[in-house]
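One structure is given here, and the rest of the page talks about it.
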């Protein structure tokens, strides 16, 4: 079942993508009002929660803060936009194993602390094999209280290595 907030967020993303694909305001027949509406939709997404990677690239993130949101994660999604991710918030530093059950695409898992310091990166973690094959946990080497999941390849392309810093924007408690 899809979380209602996630569905609303996907609707907003669709609106922004539609606005981004619309004709520019300078095209014949475009009104200043339609340009303002498109700009407002883009600004709404940019004002939402995001993470600035060590390269300076900002990605929009969904927040998994409740136990239910953490359990759901990216389960059953076929893909994720290239400039998107999911951030998992925890209390206290611990080794935090994850698994890729029913995820359909590989991820980079960036383990960090509340202050944004990256402590470990698990790269190109593949989804589990279909049932009934077992699904093993992937386990970091260091304790973390925040985990950022992004598409495979994003960590390498953006300097996400242990010791580098992430900047949390609009993420509660970070």
Residue 115 being closer than 11 Å to residue 166 by Cα and assigned by TED's automatic domain parsing to the domain that holds residue 89: yes
Reported set for the stretch 141-169 where residues are surrounded by 14 or more Cβ atoms within 10 Å (Cβ to Cβ) and in a loop (DSSP other than H, G, I, E, B) is 142, 143, 152, 153, 158, 159, 160, 162, 164, 166
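The values are calculated or read from the model by the stated rules, or taken from the named source; none is laboratory data. Source: prediction; values computed, not measured. Virtual Cβ from ideal backbone geometry, glycine too; neighbours counted across all protein chains shown.
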